[in-house]
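Data block below; observations after.
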Amino acid sequence: MSDTNRTESLRAARSRIRRARRPLDRRSRWAMGALGAVLVASFLASLSIGDTVISPVRVIEALFETQGGIHMVVVDWRLPRALAAVFFGAALALSGTVFQTITRNPLGSPDVIGLTTGAYTGALIVMTTAGGSGMSVAIGAVLGGFGTAALVALLVAGRGALGYRIVIVGIGVSAVLAALNAWMLLRARREVAVSAAIWEAGSLNGVGWEQALLPIGVVSVLMIALWFARRGLWLVELGDDIGVSLGGRMGLTKAGLVALAVGLIGVVTAVIGPIAFVALSAPHLARLIVKNGPAHLFATAMTGAALLSLADIIGQNAVPKHALPVGVVTLVLGGVYLIFLVARTARRRF
Amino acid sequence: MIPAARTTRDPHRSSPGRVAIVVVLALVALGVASVIGLTVGTKFVGPSTVLDAILRFDGSDLQLVVRESRIPRTVLGIVVGLALGAAGAVMQGLTRNALADPGMLGVNAGASVAVAIAVAALGLRDFPHLMAFALVGALIATIGVVLLGAAGGGSPVTLVLSGVALAAVLGGVTTALVLLNPTAFLQMRSWESGALAGRDLSVLGFAGPAIAVGLALALLMTRSLDVLALGHDTAAGLGVKIGALRTGAVAAVTLLAGTATAVAGPIAFLGLAAPHIARGVVGSSQKAIVPLAAVIGAIVVVLGDVVGRVIIAPQEVPVGIVMAFVAAPFLIWIGRRKNPVQM
């Protein structure tokens, strides 16, 4: 890059950051407001719809009661699940946006490049060897996610910047890990295999306060950390060259961001199993509302929260008398979305 | 994609004499693999016992193992391997895409979802019905992925990603169907891992002819596929009927991949790996690649089944899982190449 070019692109980058820091325009403000309304509506819906339908007004009343049947249904049974859907959806979406930025690929989301499969591998290793549950499985899942991220990074390192290389290699790594998972399931004792198979579908079933509180706390901390690291995310988005010129230490920045993103998706996968496509699609949908800057992070988190929440409501109620795992719903809906995305972006992206 | 790149390849590699030698050697290797498939397992069975079991059956335990298990598995392994190897080669030749594979592009997932519908919704159990459903599912998925790839502007990576997305959706539907129906869950679980164990040779009555027709179609199309490599316009100018070729290729892939999936469950990446190995040996002519990829596919499946039998004996690893370990690294290797898409 010649000097004049460099100054030119630096100037462009600075002005882009300034633009991103400006308050939102009218259209984006309206869109954010609408998104917030959808999120609140889906949250209330997940509290009111179920085996017994409770009116939203009654739901809100029940939130402030201290006892009674309705209170128990709403606060003890449905609230932890609804909160988990919101926080975990936001966590998946933010993890997705970090990965898409770092891989510079709209498809480079953690589930496409195999991290969720790797997290499952980690959890399965713990389940089948140590027979552990809860915390140790969660740690296994997070470590599995980190290991897979490192493996994919290693396999594409130094191979030249092709946007889709990481996707192809990721699919391959994911397939090997999926085979490993299937093999472990076959060898596992029956009870372990059954519980692991249910978990594999990705479900919020059985998420009560006990299962939800700690993970919600952890992902909240990680999301706050990501908020403070947002400058690094823009530097990465602008490219290594410009990032370094603006005083960023890109290697360190990227490593830190990946750690946060893997942490987010690892915790969620550990608790409710692999959830496909929320991480992929939420950042794209959020871009329809806000292009970039800090508001985009908010929009992404809100979109992810609304998506997982709505998917869970669909899974709970689509088939009478049966509850479909939320992971199956996001798999089907997200896959359809991916097909559209691929068909639409193909011409200019690849 | 780039005709110029093809001329830089060593032209001697695809000379007819060399191809004939390679195919004969591959068939010999398949013979050796079959002998291993018949003799090696949790119990080693000597070749003489195998021969006795076929010619002078006396009902002894060892001979029973050979007749009831080893022979069906080896024969079905050969058939499935031939089918998947050839299907992958045809798909790569048609799409001019080094990443094409019936498993990855969702064809096997299409067969799976159709079988899941048959099992869960209609309660079907017998092989002819399941195979019919698998073929219809594979056909719809093949057409779907070809259309999707075209909608995406014909870019090679688009085709793959469309296929992966399609496979994901179909997989999700399969999971949903199976979760709603516990009996189907158990039946689909063993079938989905891709196993040759416990399959009866009688399935060949239906699967054999379908795969034979598919193989014949595939071999008939090799010349046109070679011309197609020069580009659509050139091929059309040289008298290749592109529409007919595409229809024939879709039919061949459907018959081969659909039937193989009905027999052994979804086996991914073999259709990706076998043509690449073949291309490495005989160069870029489809005339050589299709038959060689088929034979290589058969060798890999038969040996993969043996590995699955012995690696954690007395338990077994289904051949579909072994294949993923063996063949998926090929995708990683292709992804690491300078230009992953070019053949």
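Tabulated results
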quantity: Candidates B:205, B:320, B:77: whichever shows maximal mean-square fluctuation once chain B is modelled as a Gaussian network with Cα springs under 10 Å; calculated: B:205
quantity: Among A:303, A:129, A:97, residue whose mean-square fluctuation peaks in a GNM of chain A (springs only between Cα atoms under 10 Å); calculated: A:129
quantity: Trypsin sites (Lys or Arg not before Pro) within segment A:210-297: DSSP coil, no more than 14 neighbouring Cβ in 10 Å; calculated: A:249, A:291
quantity: Acute angle (nearest 10 degrees) that the helix B:71-95 long axis makes with the longest principal axis of chain B, alpha-carbon atoms; calculated: 10 degrees
quantity: Listed residue (A:295, A:44, A:69) projecting farthest to the positive dipole end of chain A, Cβ model; calculated: A:295
quantity: Rounded tilt (10° steps) of A:190-200 against the dominant C-alpha axis of chain A; calculated: 50 degrees
quantity: Given 15 as the ceiling on other Cβ atoms within 10 Å, longest exposed-site-free region of chain B for trypsin sites (Lys or Arg not before Pro) in DSSP loops; calculated: B:126-240
quantity: Inter-site label distance for residue B:21 and residue A:291 at 7 Å from Cα along Cβ, in nm; calculated: 6.3 nm
quantity: Relative exposure of A:164, A:120, judged by other C-beta atoms within 10 Å (fewest first); calculated: A:164, A:120
quantity: Crossing angle, helix B:156-179 versus chain B [Cα axis fit, 0-90 degrees, rounded to tens]; calculated: 30 degrees
quantity: Diffusion coefficient, µm² s⁻¹, Stokes-Einstein with Kirkwood Rh over alpha-carbon pairs of the protein assembly as shown at 25 °C and 0.890 mPa s; calculated: 92 µm²/s
quantity: Quarter of Cα convex hull surface for chain A, i.e. mean projection, nm²; calculated: 19.3 nm²
quantity: Helix-only CD estimate at 222 nm, as mean residue ellipticity for chain B, using -39500 (n - 2.57) per DSSP H run (n ≥ 4); calculated: -24000 deg cm²/dmol
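The numbers here are math on the coordinates, done by the rules we state, and not lab data. Since we're looking at a predicted model, the values are computed, not measured. No Cβ is skipped: glycine too gets one built from the backbone with ideal geometry, and neighbour counts run over all protein chains shown.
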